[in-house]
Every structure is written in C-alpha cells, then in structure tokens.
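J.: Let me give you the structure first, and then I'll get to my questions.
The values are calculated or read from the model by the stated rules, or taken from the named source; none is laboratory data. Note that the structure is predicted; figures quoted are calculated from it, not measured. Don't worry about glycine lacking a Cβ; one is built from the backbone with ideal geometry, like all the others, and counts go over all protein chains shown.
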Amino acid sequence: METVSEQIITRSEILPIRTQIDLVHVRQRVRTWLSEERFTLIDQTKIVTAASELARNALEHGGGGQMEMSLLAVGARKGIRLKFSDQGPGIVDIAMALKDGYTTAGGMGLGLGGSKRLMSEFDIQSSPGAGTVVTVTRWK
Amino acid sequence: MERIPILRIGSLLLVTIQVDLYDDLALQLQDDLSTRIAELGATGVLIDISALEIVDSFIGRTLANIAAIARVLDAETVVVGMQPAVAITLVELGMSLPGIRTALNVDLGMEYLRQAATGGDGVGTDHYAE
Ligand SMILES: Nc1ncnc2c1ncn2[C@@H]1O[C@H](COP(=O)(O)OP(=O)(O)OP(=O)(O)O)[C@@H](O)[C@H]1O
Ligand SMILES: [Mg+2]
C-alpha cells in the first residue's frame, strides 16, 4: 500500500528586502541554508541566482518587500521554498512579464522566466494595485 | 564608497572581484574601468570572477556593458575563471553573454589579450604563405 507523506515545514525564516545590501544578505542566507542542507553546488548556484532575481524584482519593481524561506520535507525528500512578497504596483499582464526579453525597466527581461527555469515549481500571484507574490520551490 | 581595485599590468587592466557584488558596486566598477581605460590607453581588460558564486542578470548585464564600453575605447575584455556551476546557471537563466570573451584562467586570458594587442589574433595570412 502506498503511503502518502505529508509536506511539513522544518525550518523557516523571514528576511527584509529593502536595500541593495538586503539583496546580498538574501543571497548569503539562502546559500548558507542550502550548504547546511547539503544541496549540490549546482543546485545551490541555481537557487541563489533565482533568489537574487526575484529579490531584485521585489526591490526594484515592487518597491521593497520580504522573502520567506522554508525548508520542506515530504517523507525523506527535502526541498526549499522561497516566497517573495511586495505591496508594489503589481503586474498587469503576467504572461507577458514571464516572457524572456520583456522588461518595463530597461533590464534584460530574464528574471522571471529565468527563475522559473531554475526552480522546480513556480507560482506568481499579482494584480494591479495589490502587489506581487512569487513562490518558488526546488526539491533536492 | 567602497571600490573594487583595478591593477595595471603594462597596457592591461586587471580586476579581481573578491567581494559580494552589490549593484552599486558593480556600477562603480563599470565607471572606474571606463575612466581608467581612457586615461591609460589600456588595450585590454581582464576581469577575474573566479570568486563570484553567482552571476545574475544584473551582474551579467554589467559585464556586457563593460565589454561594450571597452570596445568603443579600443580595448578588449576577457572574463576569466567563471565557475562551472555559474556557467550552467547563466545558460539556464537565458544569458549567453554575447560579445564577452571568456578564458579559463588569468594566464590564458592575458595571453589572449597580449596576442590580440599585437595583432596576432589568428587572422594573419602567414599560415597560407608560400
Ligand atoms: N515584483 C514585481 N512587481 C511589479 N512588477 C514586476 C515585478 N516583478 C517583475 N515585474 C514586471 O515584470 C517585468 C519582467 O521582469 P523580469 O525580472 O523578467 O525582467 P526585468 O526585471 O525587467 O529585467 P532583469 O530581471 O533581466 O534585469 C519587469 O520589467 C516588470 O515590469
Ligand atoms: Mg528582474
């Protein structure tokens, strides 16, 4: 018989995203967790890069916000979930924003599409005036 | 403000990034390098990123900007020492860093720049002479 394991949060922490230095802290903190949890170097690099992109979006497009990071366990399987939220202007056309090369700020337009590729799961909730929440997960 | 040091070796400039690169620091480096290239008439710029644990779209864009500015000032840029995990991630992110020449380490990067500066960049006709 198959046992369905419940997903539990074994660790969690909230970091502010208000300044450029906060972006550095976000990268360092995510890196520390991942290395403590023994994610591979390539996984660490992908996840930290995605975190950097999404934190910068929250800062630059969303006017600042926070990241909540959680360590997940489903049975013996571990994962990390990063949730970025801001109370900024939100995104009118999410499908458009996800396209590579689409930017309203003179960037490369790679942050959203790129972090989606770098992570296992990607979810974005946003509407004009209501801010943006991007949640990404990567399993070990 | 904090600055990343720029070393001069003959007509080349060498930058080794050893700190956490926050955005303004990267932009400051872009400005400083542009100024130094023009002041010294440098022919090549070597940027050692072996200590960088990630290159995101912002840092990637800054490196591309530096290479573009240097080219306009008649200098070539080589980015050296990118960690394999960083290279894999950059490609998945969607950044191919067009226009940026890379080398595995500082020695190879320097060798390339020295040859490029003396015109020995492989376009000579000597191989076909005779
Ligand atoms: N948190 C956010 N709040 C409001 N708008 C956002 C947010 N995140 C992304 N966007 C919108 O989606 C667009 C695409 O984002 P993406 O991160 O892909 O590219 P970029 O930030 O413009 O450039 P890059 O990340 O490559 O430097 C942004 O230009 C912006 O219009
Ligand atoms: Mg972005």
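J.: Return the residue satisfying two criteria in turn: it lies in the range A:87-140 and is of a type in the set (S, T, N, Q) and closer than 29 Å to B:N65 by Cα, and of such residues it is modelled with the highest pLDDT.
T.: Only one residue tops the list, namely A:S115.
J.: Just for the range A:20-45: of the residues that are of a type outside the set (A, V, I, L, M, F, W, C) and within 16 Å of ligand 2 (Cβ to nearest atom), which one is nearest to B:Q83 (Cα to Cα)?
T.: Residue satisfying both the conditions and the ranking: A:R27.
J.: What tally of residues in the range B:80-104 results from selecting those that are away from chain A (no Cβ under 14 Å) and surrounded by 12 or more Cβ atoms within 10 Å (Cβ to Cβ)?
T.: 5
J.: Looking at A:G88, is it crowded, with 17+ Cβ neighbours inside 10 Å, free of Cβ contacts under 8 Å to residues at least 60 places away in the same chain and away from ligand 2 (no atom under 11 Å from the Cβ)?
T.: The answer is yes for A:G88.
J.: When you go through A:L23, A:L72 one by one, which is the residue that is at the interface with chain B (Cβ under 9 Å from one of its Cβ atoms) and either farther than 17 Å from B:D23 by Cα or not aromatic (F, W, Y) (or both)?
T.: A:L23
J.: Determine, yes or no, whether A:G79 is small (G, A, S) and within 14 Å of ligand 2 (Cβ to nearest atom).
T.: No, not satisfied.
J.: Give the range A:75-117 a look and list any residue that's charged (D, E, K, R), farther than 30 Å from A:T10 by Cβ and within 14 Å of chain B (Cβ to nearest Cβ), or say none.
T.: Correct list: A:K99, A:D100.
J.: Could you please find all residues in the range A:42-55 being charged (D, E, K, R) and either touching a Cys at 6+ places or on another chain (Cβ under 7 Å) or surrounded by fewer than 22 Cβ atoms within 10 Å (Cβ to Cβ) (or both)?
T.: Once the filter is applied, which keeps residues that are charged (D, E, K, R) and either touching a Cys at 6+ places or on another chain (Cβ under 7 Å) or surrounded by fewer than 22 Cβ atoms within 10 Å (Cβ to Cβ) (or both), the range A:42-55 yields only A:D43.
J.: Right, something else. So, in the range B:63-102, how many residues would count as being among the aliphatic types (A, V, I, L, M) and assigned to a loop (DSSP other than H, G, I, E, B)?
T.: 6
J.: Does A:F84 satisfy the condition of being within 8 Å of ligand 1 (Cβ to nearest atom) and among the aromatic types (F, W, Y)?
T.: yes
J.: Any residue in the range B:56-79 that is away from ligand 1 (no atom under 16 Å from the Cβ), surrounded by fewer than 18 Cβ atoms within 10 Å (Cβ to Cβ), closer than 23 Å to A:K46 by Cβ and at pLDDT 95 or above?
T.: So far as the range B:56-79 goes, no, none of its residues is away from ligand 1 (no atom under 16 Å from the Cβ), surrounded by fewer than 18 Cβ atoms within 10 Å (Cβ to Cβ), closer than 23 Å to A:K46 by Cβ and at pLDDT 95 or above.
J.: Continuing with this model, one more query. Please state which of the following conditions B:E39 fails to meet, knowing it meets all the rest: (1) within 14 Å of another protein chain (Cβ to nearest Cβ); (2) acidic (D, E); (3) surrounded by fewer than 20 Cβ atoms within 10 Å (Cβ to Cβ).
T.: B:E39 satisfies all of (1) within 14 Å of another protein chain (Cβ to nearest Cβ); (2) acidic (D, E); (3) surrounded by fewer than 20 Cβ atoms within 10 Å (Cβ to Cβ) except (1).
J.: Just a yes or no: is a residue in the range B:16-29 farther than 25 Å from A:R117 by Cβ, within 16 Å of ligand 1 (Cβ to nearest atom) and either at pLDDT below 95 or within 14 Å of chain A (Cβ to nearest Cβ) (or both)?
T.: Yes, the range B:16-29 contains a residue that is farther than 25 Å from A:R117 by Cβ, within 16 Å of ligand 1 (Cβ to nearest atom) and either at pLDDT below 95 or within 14 Å of chain A (Cβ to nearest Cβ) (or both).
J.: Looking at the range A:26-53, which of its residues are more than 10 Å from every other protein chain (Cβ to nearest Cβ), in contact (Cβ under 8 Å) with a residue 60 or more places away in the chain and touching a strand residue (DSSP E or B) at 6+ places or on another chain (Cβ under 7 Å)?
T.: The answer is A:E37, and nothing else.
J.: Under 9 Å by Cβ, and 6 or more places apart or on different chains, what pairs join a residue from the range B:108-125 that is basic (K, R) with one that is modelled with pLDDT under 90?
T.: Note: pairs meeting the criteria are B:R114/B:G120.
J.: Going residue by residue through the range A:25-41, is there one that turns out to be crowded, with 16+ Cβ neighbours inside 10 Å and within 16 Å of ligand 1 (Cβ to nearest atom)?
T.: yes
J.: When the range A:46-64 is examined, which residues are found to be among the hydrophobic types (A, V, I, L, M, F, W, C) and within 6 Å of ligand 1 (Cβ to nearest atom)?
T.: A:A58 - this is the single residue of the range A:46-64 that is among the hydrophobic types (A, V, I, L, M, F, W, C) and within 6 Å of ligand 1 (Cβ to nearest atom).
J.: Could you say which residue among A:K83, A:K116, A:K99 is within 18 Å of the chain's Cα centre (by Cα) and more than 25 Å from A:M69 (Cα to Cα)?
T.: Checking each option against the conditions leaves just A:K99.
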